[in-house]
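Accompanying notes for the structure given below.
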Amino acid sequence: MSLFSGTRKWVYYRQSVGSFQRLHRWSGQLLIAALFIAPWISIGGNPLLRIDLPARRLFMLGQIFTASDGFLIALTALIAAFALFAISALFGRLWCGWLCPQTVFLEEWVRLVETAIEGEGLKRQRRDAGPWNFDKIWRKTAKITVLQVLSIALGLTVMSYFAGSSEIWTFQAGPVDYIMVGILSAGAMVDWLYFREQLCIYLCPYARFQSALTDSDSLMVAFDHTKPIGKGKAFSQNGDCFDCGKCVNVCPMGIDIRDGFQLECINCARCVDACTSVMEPLGHETIVRYSTLTEEEGGKTRWLRPRTLLYGAIISGLGIALISGIFLHNPVEISLNRMAGSTFQVDEQGMVSNTYMLRIVNNDPNKTHGFAVGVVGLENVVVSVAPVLLEPGEGRTIPLVLRIPANEANGSQPFEVTVRNADATRTVDATFLAPHGGQG
């Protein structure tokens, strides 16, 4: 199965039926539905989730976040990372087998299409090994066509989180957005038609470092090695493994779970359902099951242990910080820059003036706000600024002119500009320059 050996050994696994696979089908379809539906949901007129890269804004849960709220995004990323660590410590590669987009789309889209058009694994294997004829050509063409349509739909959906769902699906987005749709679609087709399980085995970094995240109490799919493997009626009557091979035939990674823990295993539980379907009618318990190394050695699994408690404490602390940051989020964003090419001017009235460009952004998703601009730290200052009224999500840059009597100006003087509305206040530091003063 090596990606680099020059040959490609395809895995033609058979379908597995059981309680875990029914749960897998429901959870996978719900995840796909959530991916496709979420871009169309809005809260207070704003998207549930959208990353507006040109405007450097993030819409999340109806709120608007900008670059100044980067710490909230960082907290979210840290929570996601430590949640993955915690899931790995408790449930092994549960993410890989149940939640990873690679697995979800392969199982809930690609495998269903492939089985419907080309048949079960053994039929596909025989047809692929045979000559190219009309039956083989039309089935391959139909499968590729259907998967191409699905990959384009997936590309459009992913880009909906960046360009807007209505814009991208009505072809009103920009050319770059549709170039990205093409790249995403092509990448999905290469994965679905060729890489498949090899992406998990050779390219995914998570499989490489997961050994550092798990321990002997982490959940995994395990074969009961107290049961001997053999052929014959005696083995089936005793509840031992009589080498039916079903657990191997249904594995999407092409491994034999009876060989013990393997890096390729994604904990999808297909082999568990397969073994259960064979052993239950014989009145025996399944030999392949979810277990831990501790249980396999006769001990009792400890779910609460230093590793998991530490992850839980970190996630709780980060979660509290994130929730607090969201509730305390200031929807006003301001920035102040000196007008390009200017320092100060002295007019005929003996007033020293400095001109700045003040940008105000109203990130309140629900209300139109009027803003009052003030100055703190300068005596007898005359403030000249236009009134500002901003719609939700609107930003505007306006000139701010400050004038001070020349006899009161004292070189370089620090001060603060305050921007207020009915709900929030923002301040920004600046420097006023006057003749013979320092540079700000």
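The values are calculated or read from the model by the stated rules, or taken from the named source; none is laboratory data. For clarity, every value in this text was computed on a predicted model and none was experimentally measured. Quick reminder, even Gly has a Cβ in these numbers, built from the backbone with ideal geometry, and neighbours come from all protein chains shown.
Data overview
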{"read-out": "Boolean, P387 is touching a residue at least 60 places away in the same chain (Cβ under 8 Å) and either loosely packed, with under 14 Cβ neighbours inside 10 Å or closer than 27 Å to L78 by Cα (or both)", "value": "no"}
{"read-out": "Residue list for the stretch 206-234, filter: closer than 29 Å to L99 by Cα, of a type outside the set (S, T, N, Q) and either loosely packed, with under 13 Cβ neighbours inside 10 Å or at pLDDT 90 or above (or both)", "value": "R208, F209, A212, D217, L219, M220, V221, A222, F223, D224, H225"}
{"read-out": "The stretch 385-440, residues that are closer than 23 Å to I64 by Cβ and in a loop (DSSP other than H, G, I, E, B)", "value": "P387, E391, P392, G393, E394, N421, A422, D423, A424"}
{"read-out": "Of residues in the stretch 431-440 being surrounded by 14 or more Cβ atoms within 10 Å (Cβ to Cβ) and out of contact with any Lys or Arg (no Cβ under 8 Å at 6 or more places or on another chain), the one modelled with the lowest pLDDT", "value": "G437"}
{"read-out": "Residue in the stretch 15-27 that is part of a helix (DSSP H, G or I), farther than 30 Å from I314 by Cβ and among the polar types (S, T, N, Q) present", "value": "yes"}
{"read-out": "Among (1) surrounded by 15 or more Cβ atoms within 10 Å (Cβ to Cβ); (2) in a strand (DSSP E or B); (3) free of Cβ contacts under 8 Å to residues at least 40 places away in the same chain; (4) of a type in the set (A, V, I, L, M) - the single one V278 does not satisfy", "value": "(2)"}
{"read-out": "Sole residue being over 13 Å from M220 (Cα atoms) and in a loop (DSSP other than H, G, I, E, B), chosen from E264, E285", "value": "E285"}
{"read-out": "Set I168, I179: member being assigned to a helix (DSSP H, G or I), at pLDDT 90 or above and loosely packed, with under 13 Cβ neighbours inside 10 Å", "value": "I179"}
{"read-out": "Test set (1) of a type in the set (G, A, S); (2) in contact with a Leu (Cβ under 7 Å, 6 or more places away or on another chain); (3) within 16 Å of E408 (Cβ to Cβ) - G370 fails condition number", "value": "(3)"}
{"read-out": "Which listed residue is among the small types (G, A, S) and more than 23 Å from L72 (Cβ to Cβ), from G319, G350, G325, G312", "value": "G350"}
{"read-out": "Residue selected from the stretch 358-374 under the condition surrounded by 18 or more Cβ atoms within 10 Å (Cβ to Cβ) and among the hydrophobic types (A, V, I, L, M, F, W, C), by the criterion nearest to the chain's Cα centre (by Cα)", "value": "V361"}
{"read-out": "Residue ID - farthest from the chain's Cα centre (by Cα), chosen from residues in the stretch 283-302 that are of a type outside the set (K, R) and exposed (fewer than 12 other Cβ atoms within 10 Å of the Cβ)", "value": "G283"}
{"read-out": "Which listed residue, of T431, T343, T355, T368, is closer than 30 Å to Q63 by Cβ and either in contact with a Cys (Cβ under 8 Å, 6 or more places away or on another chain) or β-branched (V, I, T) (or both)", "value": "T368"}
{"read-out": "Inter-residue pairs, beta-carbon under 6 Å, first more than 11 Å from R258 (Cβ to Cβ) and in the stretch 225-245, second polar (S, T, N, Q), 6+ apart", "value": "F242/S236"}
{"read-out": "Yes/no for E280 being farther than 22 Å from F65 by Cβ, modelled with pLDDT under 95 and touching a His at 6+ places or on another chain (Cβ under 8 Å)", "value": "no"}
{"read-out": "Members of the stretch 61-71 found to be surrounded by fewer than 19 Cβ atoms within 10 Å (Cβ to Cβ) and hydrophobic (A, V, I, L, M, F, W, C), listed by number", "value": "L61, A67, F71"}
{"read-out": "Residues being charged (D, E, K, R) and either farther than 19 Å from V110 by Cβ or without any contact (Cβ under 8 Å) to a residue 60 or more places away in the chain (or both) - total across the stretch 176-204", "value": "1"}
